[in-house]
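Everything below concerns the one structure shown next.
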């Protein structure tokens, strides 16, 4: 390989000097930079998602807003392949790191990529292709029709890359080497022009360290926090970031910067890190925000059954009330593991929500010598989700930690969290004083806001908490668990297994059994005041409290209860309620124009099911000519839309009473009735 190419792959530099903040210049001139990577497609591209639907065999990957996206793993893979072609596997590992690498040995990939997102709402193209019968016969081969979705040429997607300045020349060289992205690159699809541009991070002031540190985090890419130690074909993810995971990410960042002394402040337990719980929206005042896992006694009414031929999703949905299970006579439905309770201020009502999670299909080779890739699925918290976390500790320790983490806390550097190290940034921070002491009451609800690790007298992990164990944890015997009318303790608790992996030692942590977050205990006695003081002093219960375990709160009324007359905020979203009404409307359309479902052609030809699918696809990508072009067809194939019933449906979709954003949903639900009738007729 020429010396010119060698210049683009400098040797891996040593870690920056301890304590140096981002933007400063170390003695060896090694700083960090951030660049915007823009991909402009010169030809139609298939950004594969691995899934199909709606009559399309291969759909493009889309983000949480339904816009095309190029996942960071694909961008990194294409750039790594270019590095291998230029310098071979060894030099490619020098830039991208090696499999199983870590920060401690400085052999993990230091460049952090985000996925490339499209900021507008471009249309997509549907291409159909078949295999030939033979090389010299263009007749289509049976059962080889493929329908693939493409993004059109001219589409621009933008992402960001954070890396050491010393490795910037290598990245610039690799970007010049890549000329195609996506699937089918060998056939001319996905030709692309990549370009780099400087980007300045939006920074915020660190402030004066006082009290506890409240952080508002945001994942720039989908985030997977593995929920099990032995995943199968599907790798499930938790709906939040555990404190141990966040603590490990911060400690790993400090170790990579060469500051092990500050990292020991976290690992030794002098500063505790809470779970990073998701939020439904970005709050304005961090100090007043409250979020907690849904208490196990916050249960919802079970749906009532109904007779008739109308499917459940077409029926009118009743408001879903959430009630305290201990005060309800009927049986209720327990909350799901991913349900959270939130309020922006103490004066506002509690609301319930679930963070959005999606399953993404992946191809991987766990063994580099493996020839065929293995197909698996990963569950992920969608990108741009906000999380709330807190750091507690002595003022001197928090001040020292905040100074060393200045680049991260100010938003100039990213943390790498979860599986594959997704970039997470600090959006905002606030220094808050200690929590206020709750007023003494005769009874209170003790709710675990994180998992609780506690051992019995035989050093076994407890999976339930009784009154004697509560006395030991609270440090007082002046507290009792209230009994119901049958003499049973008023507790509702579950057990959960806790797994972990130490990225520095490359070893699995021993699993532990914990009392699940959301467990509720109704307590009474003078010891409630002492428990409230423990909350104010941040003296949590059980073991490994610096990793976020053992946190709790006291309430007089169960958070999230909605009562009988008022509908819960946990009811189905407005979009779901609208969808049910639209389904009923489109069913009436179908009943009035059911000749579209009759089999057979003849002179009075009707649109085929694939033509209805094309109509839905055009409406979903906001094609302004989707309906008018079919009402006034110019091709022979489109003349089937002149059928009287098909034209009537197009007129209904074109009605001004229907909002343009809802036309695609009307068309899709009408097609669902039509497809069901066609299948029934074919039988």
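A quick yes/no check of all residues on (1) part of a loop (DSSP other than H, G, I, E, B); (2) touching a strand residue (DSSP E or B) at 6+ places or on another chain (Cβ under 9 Å); (3) farther than 22 Å from residue 221 by Cα:
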| residue | (1), (2), (3) |
| --- | --- |
| 35 | no, yes, no |
| 40 | no, yes, no |
| 43 | yes, yes, yes |
| 50 | yes, yes, no |
| 64 | yes, yes, no |
| 77 | no, no, no |
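If a residue must be in a loop (DSSP other than H, G, I, E, B) and surrounded by fewer than 15 Cβ atoms within 10 Å (Cβ to Cβ), how many such residues does region 160-199 contain?
Selection size over region 160-199: 2.
Each row is one residue, and each column tells you yes or no for (1) under 19 Å from residue 286 (Cβ atoms); (2) free of Cβ contacts under 8 Å to residues at least 60 places away in the same chain; (3) in contact with a strand residue (DSSP E or B) (Cβ under 9 Å, 6 or more places away or on another chain).
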site: 384; (1), (2), (3): yes, no, yes
site: 391; (1), (2), (3): yes, no, yes
site: 396; (1), (2), (3): no, yes, no
site: 423; (1), (2), (3): no, no, yes
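Could you grab me the full set of residues in region 239-258 that are buried (at least 21 other Cβ atoms within 10 Å of the Cβ) and not in a helix (DSSP H, G or I)?
Across region 239-258, the qualifying residues are 239, 240, 241, 242, 257.
State all residues of region 507-540 that are at pLDDT 90 or above, more than 22 Å from residue 274 (Cβ to Cβ) and touching a helix residue (DSSP H, G or I) at 6+ places or on another chain (Cβ under 9 Å); if no residue qualifies, say none.
522, 523
If I filter region 129-146 for residues that are touching a residue at least 24 places away in the same chain (Cβ under 8 Å) and either surrounded by fewer than 18 Cβ atoms within 10 Å (Cβ to Cβ) or not assigned by TED's automatic domain parsing to the domain that holds residue 54 (or both), do I get at least one hit?
Yes: region 129-146 contains one or more residues that are touching a residue at least 24 places away in the same chain (Cβ under 8 Å) and either surrounded by fewer than 18 Cβ atoms within 10 Å (Cβ to Cβ) or not assigned by TED's automatic domain parsing to the domain that holds residue 54 (or both).
For the structure I just gave you, tell me whether residue 157 is surrounded by 13 or more Cβ atoms within 10 Å (Cβ to Cβ) and under 27 Å from the mean Cα position of the chain (by Cα).
Considered against the rule, which asks whether it is surrounded by 13 or more Cβ atoms within 10 Å (Cβ to Cβ) and under 27 Å from the mean Cα position of the chain (by Cα), residue 157 comes out as yes.
Within region 200-233, how many residues are under 25 Å from residue 117 (Cβ atoms) and within 20 Å of the chain's Cα centre (by Cα)?
Final tally of qualifying residues: 12.
Output yes when any residue across region 609-627 is modelled with pLDDT under 85, more than 27 Å from residue 58 (Cβ to Cβ) and not in a loop (DSSP other than H, G, I, E, B), and no when none is.
The answer is no, given that none of the residues of region 609-627 is modelled with pLDDT under 85, more than 27 Å from residue 58 (Cβ to Cβ) and not in a loop (DSSP other than H, G, I, E, B).
Out of all the residues in region 67-79, which are over 13 Å from residue 119 (Cβ atoms) and either crowded, with 24+ Cβ neighbours inside 10 Å or touching a residue at least 24 places away in the same chain (Cβ under 8 Å) (or both)?
70, 71, 72, 73, 74, 75, 76, 78, 79 - these are the residues of region 67-79 that are over 13 Å from residue 119 (Cβ atoms) and either crowded, with 24+ Cβ neighbours inside 10 Å or touching a residue at least 24 places away in the same chain (Cβ under 8 Å) (or both).
Given the structure, is residue 644 surrounded by fewer than 14 Cβ atoms within 10 Å (Cβ to Cβ), more than 30 Å from residue 67 (Cα to Cα) and in contact with a helix residue (DSSP H, G or I) (Cβ under 9 Å, 6 or more places away or on another chain)?
Against the criterion (surrounded by fewer than 14 Cβ atoms within 10 Å (Cβ to Cβ), more than 30 Å from residue 67 (Cα to Cα) and in contact with a helix residue (DSSP H, G or I) (Cβ under 9 Å, 6 or more places away or on another chain)), residue 644 qualifies.
Mind listing whichever residues of region 109-125 are within 19 Å of the chain's Cα centre (by Cα) and either crowded, with 18+ Cβ neighbours inside 10 Å or farther than 18 Å from residue 194 by Cα (or both)?
Taking region 109-125 and keeping what is within 19 Å of the chain's Cα centre (by Cα), we get 112-119.
Residues satisfying the conditions are 112, 113, 114, 115, 116, 117, 118.
Would it be correct to say that residue 274 is more than 27 Å from residue 379 (Cα to Cα), in the same structural domain as residue 392 (by TED's automatic domain parsing) and modelled with pLDDT of 90 or more?
It is false that residue 274 is more than 27 Å from residue 379 (Cα to Cα), in the same structural domain as residue 392 (by TED's automatic domain parsing) and modelled with pLDDT of 90 or more.
Residue-by-condition table, conditions (1) modelled with pLDDT under 95; (2) more than 17 Å from residue 427 (Cα to Cα):
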residue	(1), (2)
217	no, no
230	yes, yes
233	yes, yes
236	yes, yes
239	no, yes
254	yes, yes
258	yes, yes
283	yes, no
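Report the residue count in region 200-219 for those that are under 24 Å from residue 163 (Cα atoms) and outside any loop (DSSP other than H, G, I, E, B).
5
Please state which of the following conditions residue 144 fails to meet, knowing it meets all the rest: (1) more than 30 Å from residue 620 (Cα to Cα); (2) out of contact with any helix residue (DSSP H, G or I) (no Cβ under 6 Å at 6 or more places or on another chain); (3) assigned to a loop (DSSP other than H, G, I, E, B).
Failed condition: (1).
Please work out which one of (1) modelled with pLDDT of 90 or more; (2) farther than 30 Å from residue 145 by Cβ; (3) touching a strand residue (DSSP E or B) at 6+ places or on another chain (Cβ under 9 Å) is the condition residue 68 fails and give its number.
Residue 68 satisfies all of (1) modelled with pLDDT of 90 or more; (2) farther than 30 Å from residue 145 by Cβ; (3) touching a strand residue (DSSP E or B) at 6+ places or on another chain (Cβ under 9 Å) except (2).
Looking at region 656-679, which of its residues are in contact with a helix residue (DSSP H, G or I) (Cβ under 9 Å, 6 or more places away or on another chain) and either under 14 Å from residue 595 (Cα atoms) or in a loop (DSSP other than H, G, I, E, B) (or both)?
Correct list: 658, 670, 671, 673, 674, 675, 676, 677, 678.
So is residue 82 in contact with a strand residue (DSSP E or B) (Cβ under 6 Å, 6 or more places away or on another chain), modelled with pLDDT of 85 or more and within 23 Å of residue 116 (Cα to Cα) or not?
For residue 82, the condition - in contact with a strand residue (DSSP E or B) (Cβ under 6 Å, 6 or more places away or on another chain), modelled with pLDDT of 85 or more and within 23 Å of residue 116 (Cα to Cα) - is not met.
The values are calculated or read from the model by the stated rules, or taken from the named source; none is laboratory data. It should be emphasised that the depicted structure is a prediction, and the values quoted were computed from it without experimental measurement. Every residue, glycine among them, receives a Cβ derived from its backbone with ideal geometry; neighbour counts consider all protein chains shown.
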